[in-house]
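Just below is one structure, and these are the notes that go with it.
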Amino acid sequence: MFVTCLVGARRRSNARVNPNDKKVQDDDRFLITEIISSLKKKHSDLFVISYACDNGVGKITKDICGELGIKFGEIVWYFHGDARWEPSETAVAYLKRNATALEMGDIFIILAETPEKDFLKRKGMVEDLVDRLKQKVVVNENEARPYVVLDESGSILEGFKQNIIMEG
């Protein structure tokens, strides 16, 4: 089983946040289709994981895997019971979800949101995953996993051994 973790920033391609931005959603759908189709040609045992599959990049990934007949798994949190979790508590849970993705994934494809202003930094759960991947490179490059971070145009922002992922 060859596991690809394909995730994106929560706001990217989010139809609820950007309902009129059909172009970004269409562009991401095209990009994700190309990536998954290319990986399927190289790995007959391809399995894709993602999260936040109710909308945005996660939903697009889930839908494309379904259309292409590729095994897909969603890493999901459900908070049950009448007691309401505080936002800071759910944030911690979502950050720890990245540890599961990191444990499972053989390669990582991350669709980042480009900050509106140059001086702003990317942030959020996806950036935590990028930070964890970078740390693995620092600790032991031989055990680090290939990853690539792509912007809205599909250009590579950063990565480690990204040629393994992006080569045709």
task: Might you check whether a residue that is in contact with a Gly (Cβ under 7 Å, 6 or more places away or on another chain) and modelled with pLDDT under 90 occurs anywhere in segment 126-133?
output: yes
query: Going by the structure shown, is residue 37 surrounded by fewer than 16 Cβ atoms within 10 Å (Cβ to Cβ) and either of a type in the set (Lys, Arg) or under 19 Å from the mean Cα position of the chain (by Cα) (or both)?
result: yes
- prompt: Here are some conditions: (1) surrounded by fewer than 20 Cβ atoms within 10 Å (Cβ to Cβ); (2) at negative phi; (3) out of contact with any Phe, Trp or Tyr (no Cβ under 6 Å at 6 or more places or on another chain). Residue 69 meets all but one. Which one does it not meet?
  reply: (2)
task: Keeping to segment 36-57, report how many residues are modelled with pLDDT of 90 or more, touching a Ser or Thr at 6+ places or on another chain (Cβ under 8 Å) and assigned to a helix (DSSP H, G or I).
output: 2
task: Give the number of residues within segment 60-75 that are without any contact (Cβ under 8 Å) to a residue 40 or more places away in the chain and in a helix (DSSP H, G or I).
output: 7
- prompt: What do you reckon, is residue 154 loosely packed, with under 13 Cβ neighbours inside 10 Å, part of a loop (DSSP other than H, G, I, E, B) and on the phi > 0 side of the Ramachandran plot?
  reply: no
query: Looking at residue 44, is it more than 20 Å from residue 156 (Cβ to Cβ) and small (Gly, Ala, Ser)?
result: yes
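The values are calculated or read from the model by the stated rules, or taken from the named source; none is laboratory data. The structure presented is a predicted model; accordingly, all values stated were derived computationally and were not measured. So basically every Cβ, Gly included, is an ideal-geometry build from the backbone, and we count neighbours across all protein chains shown.
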